[in-house]
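Below is one structure, written out as structure tokens, with a few remarks after it.
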Amino acid sequence: MELWYTEKQTQHLGITCQVKETLCTKMTAFQELAILDTLQFGKMLVLDGMVQTTVEDEFIYHEMITHVPLATHPNPQKVLVIGGGDGGTIKQIIKHREVSRAVLVEIDEEVVTTCREHLPEISGGSLDDPRVEVIFTDGLEFVKTNKSEFDVILVDSTEPVGPAVGLFTQEFYQNIFDALKPEGIMVAQTESPFYNRDLIRSVTQRIKKVFPLAHMYLASIPTYPSGLWSFTLGSKVHDPLKVQEFKSLDTRYYSPEIHRSSFVLPGFVKELMEGK
Ligand code: SAM
């Protein structure tokens, strides 16, 4: 018998894919976790019924959340990731030779241990790199206790439900600003411009209130709702649109051309940025 999994992406629309095997399902202290092996996207991490990442398309999200800010910062030595327990973002961060320390702050230890077991291709062994430290705690609390500490902070969070709700608030962005060094940069994944318009309007206004420079950029990610995904960058000094020199990186989506073009926004997305 064929087995199909549907993520209900909105109240009226779902994405459905055929499942070869259910590798794991469990209830952690924070969320319902499943690893499915699908015919279209390979192995997939699902939290609370929402696809987080898949072996086939993870590179797009992880390269874009990482390399845009790390190419914008002239010397990113200390990088913090909030969330990101699958390890895909850390795998991209350690491609940058200047990075001497990468800290992953994940609230749910079981995401890390289960992904290590079932999805080793996503972290690619990066969590064992000597430059990497993994801390299991709430990112909201962690940023409050670190002042002027990091060059880059990446908010690789789940959707704004459960423990991630606070990761989209003005107070959190202010704490991130304070946890960054004077030339610091942050990027947060900020959902779909089609389906999360209110969220994007309010998050953009919050980041603009805190950071002197705020820009949105986009990427095409097949398994995320609508396929069009947004990231919002806040910077104290460095402008991602003025990067002159790019390092050579081993990537499959990100490139200097994609870096520049990802900031070119369709009219309806610009309007969201303007709060319309
Ligand atoms: N790429 C993904 C996406 O956009 O769907 C995000 C993937 S990553 C698995 C998200 C992680 O954020 C989850 O493992 C979740 O446990 C973690 N998380 C949620 N709220 C958190 C918080 N307050 N502090 C730290 N980690 C958090």
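The values are calculated or read from the model by the stated rules, or taken from the named source; none is laboratory data. From a predicted model like this one, the values you see are computed outputs, not experimental measurements. Counting neighbours? That spans all protein chains shown, and the Cβs are built from the backbone with ideal geometry, glycine included.
Any chance region 54-66 includes a residue that's within 16 Å of the chain's Cα centre (by Cα), in a strand (DSSP E or B) and on the phi < 0 side of the Ramachandran plot?
Going residue by residue through region 54-66, those that are within 16 Å of the chain's Cα centre (by Cα) are 54-55, 57-66.
Next, from what is left, pick out any that are in a strand (DSSP E or B): 54.
Okay, now just the ones that are also on the phi < 0 side of the Ramachandran plot, so 54.
So far as region 54-66 goes, yes, one or more of its residues are within 16 Å of the chain's Cα centre (by Cα), in a strand (DSSP E or B) and on the phi < 0 side of the Ramachandran plot.
Of everything in region 65-85 that's among the polar types (S, T, N, Q) and surrounded by fewer than 23 Cβ atoms within 10 Å (Cβ to Cβ), which residue is nearest to the ligand (Cβ to nearest atom)?
Let us first name the residues in region 65-85 that are among the polar types (S, T, N, Q), namely 66, 72, 75, 77.
Now restrict to residues that are surrounded by fewer than 23 Cβ atoms within 10 Å (Cβ to Cβ): 75, 77.
Working: Asn75: 26, Gln77: 22 Å.
Step by step, filter region 65-85, then rank; the result is Gln77.
Output the number of residues of region 135-152 satisfying the condition of being away from the ligand (no atom under 12 Å from the Cβ) and among the aliphatic types (A, V, I, L, M).
1
Quick one: is Thr89 touching a Ser or Thr at 6+ places or on another chain (Cβ under 9 Å), in the same structural domain as Val243 (by TED's automatic domain parsing) and touching a residue at least 60 places away in the same chain (Cβ under 8 Å)? Spell out the reasoning first.
On the way: touching a Ser or Thr at 6+ places or on another chain (Cβ under 9 Å): yes; in the same structural domain as Val243 (by TED's automatic domain parsing): yes; touching a residue at least 60 places away in the same chain (Cβ under 8 Å): yes.
Considered against the rule, which asks whether it is touching a Ser or Thr at 6+ places or on another chain (Cβ under 9 Å), in the same structural domain as Val243 (by TED's automatic domain parsing) and touching a residue at least 60 places away in the same chain (Cβ under 8 Å), Thr89 comes out as yes.
Give the number of residues within region 123-139 that are in contact (Cβ under 8 Å) with a residue 40 or more places away in the chain and under 13 Å from Gly87 (Cβ atoms).
Let us first name the residues in region 123-139 that are in contact (Cβ under 8 Å) with a residue 40 or more places away in the chain, namely 127, 132, 139.
Checking the rest, the ones that are also under 13 Å from Gly87 (Cβ atoms) come to 127, 132.
Number of matching residues: 2.
Residues that are out of contact with any helix residue (DSSP H, G or I) (no Cβ under 6 Å at 6 or more places or on another chain), on the phi < 0 side of the Ramachandran plot and β-branched (Val, Ile, Thr): which helices (runs of 4 or more DSSP H) entirely in region 70-146 hold 2 or more of them?
By residue number, 109-118.
Residue check, Glu98 against (1) under 20 Å from Gly124 (Cβ atoms); (2) charged (D, E, K, R); (3) touching a residue at least 24 places away in the same chain (Cβ under 8 Å); (4) away from the ligand (no atom under 13 Å from the Cβ), all met but one. Which one?
Against the list (1) under 20 Å from Gly124 (Cβ atoms); (2) charged (D, E, K, R); (3) touching a residue at least 24 places away in the same chain (Cβ under 8 Å); (4) away from the ligand (no atom under 13 Å from the Cβ), Glu98 comes up short only on (3).
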